[in-house]
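Novice: After the structure tokens below, expect a handful of questions from me.
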């Protein structure tokens, strides 16, 4: 009777462990594997290893774990020797697609917590969590850095205005600097909010038929009023309409023009070309500035990614602008690509769908 009850309990335990989404491995006090669930074998592409020493399992795992400090054999051996009371960690598994995992190992005691029957290892895929942690870290790092500089400037000039007698000319200049830095802070915060809305899917578009050429000319005129560089628009089409959210598409072109100005200091002109091609409107924003190295093109539209080479180190930015631009363009059914050469400039090329019934 007891044997039957023990067998039934074993079946229940096995069924329970097989239902887990985590990879589970049990070994006895000698280090022999007594159970591994299907999920564990699927996660790591392993054959059945019940009856083998746990070292065979950890060495098979270590073959696909590059970081020496994250290898499992030493960790599990130290745990079994009693050098650590418990252990958990994360590692990058490189077999097939690179994936992050977390794990922990715990002793298995009887109900009275007096006798140890073995050890339980639990593995959980945590790629999304690691990516989320990394992204949060990047956001905090970028935002704190970008906030600190304008805040320091603002506080410095406000302090001078409060404590010293300032000529009217200097007072006006200081106020202009404060206004510019305040705008910079506002734009940064808007970028952060927009990026979070885009990622969470609560970014609402209010689409209508937008006159594309008119919209781009308006954007160029606004920037021409405050820039020493000329924004020149060359349109090969006349009545070009796209179905879009006017505010968000304006945001796209403002961002691209601003980028072009920042990355072409001392140059005289930024060119915007509008054309029609294979059922789409093509808009090219071209600068003749420092350019972007080819190895950076693939990540240019990633969230928080900033171009970093000798010509761009003094250029300020959050790394959110192009991420937002691409998301807006993609959400409108368009595409955006880049061609660039270091020292000769860059061209961002948008393809926006032409509404069918306006042909």
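Novice: Considering only residues that are in contact (Cβ under 8 Å) with a residue 40 or more places away in the chain and either exposed (fewer than 12 other Cβ atoms within 10 Å of the Cβ) or in a strand (DSSP E or B) (or both), which ones fall in region 208-224?
Specialist: 209
Novice: Sort out which residues of region 277-298 are more than 24 Å from residue 352 (Cβ to Cβ) and either touching a helix residue (DSSP H, G or I) at 6+ places or on another chain (Cβ under 8 Å) or not in a loop (DSSP other than H, G, I, E, B) (or both), and write them in order of number.
Specialist: Within region 277-298, 289, 294, 295, 296 qualify.
Novice: Pull up region 339-358, narrow it to residues that are touching a helix residue (DSSP H, G or I) at 6+ places or on another chain (Cβ under 9 Å) and modelled with pLDDT under 90, then point me to the one that is surrounded by the fewest Cβ atoms within 10 Å (Cβ to Cβ).
Specialist: Among those that are touching a helix residue (DSSP H, G or I) at 6+ places or on another chain (Cβ under 9 Å) and modelled with pLDDT under 90, it is 341.
Novice: Within region 133-152, is even one residue within 23 Å of the chain's Cα centre (by Cα) and at pLDDT 70 or above?
Specialist: no
Novice: Of the conditions (1) at pLDDT below 90; (2) assigned to a helix (DSSP H, G or I); (3) surrounded by fewer than 16 Cβ atoms within 10 Å (Cβ to Cβ), residue 181 satisfies every one except a single condition; which number is it?
Specialist: Status for residue 181: all satisfied but (3).
Novice: If the requirement is being modelled with pLDDT under 65 and assigned to a helix (DSSP H, G or I), which of these qualifies: 176, 199?
Specialist: Criteria check complete, one pass: 199.
The values are calculated or read from the model by the stated rules, or taken from the named source; none is laboratory data. Remember, predicted model here, so these are calculated numbers, not experimental data. Quick reminder, even Gly has a Cβ in these numbers, built from the backbone with ideal geometry, and neighbours come from all protein chains shown.
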